[in-house]
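Following: one structure in structure tokens, then a few remarks.
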Amino acid sequence: MDTSLLSSIIYDKNHSDALKQLCIEAFEKFNNMVFFIERDDISYETSGRRENSDKALEIDKAYKELMEELHISYKCLHNENSVETIIEELRNQGYINENDEYAEKAKNQLGFKAIIYNL
């Protein structure tokens, strides 16, 4: 997936309980590894985004609150070396091997955007 199922809950303007339950049920069907990458002191890129940096921080807080509410464990990472840390964790868990071409491509081309939400 290119986004987390939890995003549907966060961005649901109607706050639908039915949608929330559906997303949680679907989320729980996967073996999830959740990583939250802190924004640190990097500048916020507004191009192609719906929200400004303040709104993005509110959304960050909403994700953390939702994960706490649902008792979803997650790892907080800092932006620097986050891709390497995620790839190493995936290797340690046996999801990718040392020579995985996708992992190297993600690390080299996509930077911190290469996050795997649902395995």
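Read-outs throughout are calculated quantities, based only on the coordinates presented, and are distinct from any laboratory measurement. Predicted, not measured: the structure shown is a model, and the values here were computed from it. For neighbour counting, all protein chains shown are included, and Cβ atoms are generated from backbone atoms with ideal geometry for every residue, glycine included.
Please report the net charge: other residues with Cβ closer than 12 Å to the Cβ of Ala18, K and R +1, D and E -1. All intermediate terms of the calculation are to be shown ahead of the outcome.
Details: positive: Lys20; negative: Asp12, Asp17, Glu25.
Local net charge: -2.
What ranking of Lys64, Lys29 emerges when the number of other C-beta atoms within 10 Å of each C-beta is taken as an exposure proxy, fewest first? Can you show the working numbers first?
On the way: Lys64 14, Lys29 9.
Going from sparsest to densest Cβ surroundings: Lys29, Lys64.
Nothing charged except the Cβ atoms of Lys and Arg (+1) and of Asp and Glu (-1): what's the magnitude of the dipole of region 1-96 about its Cα centre? Round to the nearest 20 debye.
On the way: 11 positive and 20 negative charges, 58 e Å.
In debye, rounded to 20, region 1-96 gives about 280.
Projecting each Cα onto the charge dipole of region 6-113 (Lys/Arg +1, Asp/Glu -1 at the beta carbon, about the Cα centre), which of Phe27, Ser43, Met67 comes out farthest on the positive side?
Toward the positive end, the furthest listed residue is Phe27.
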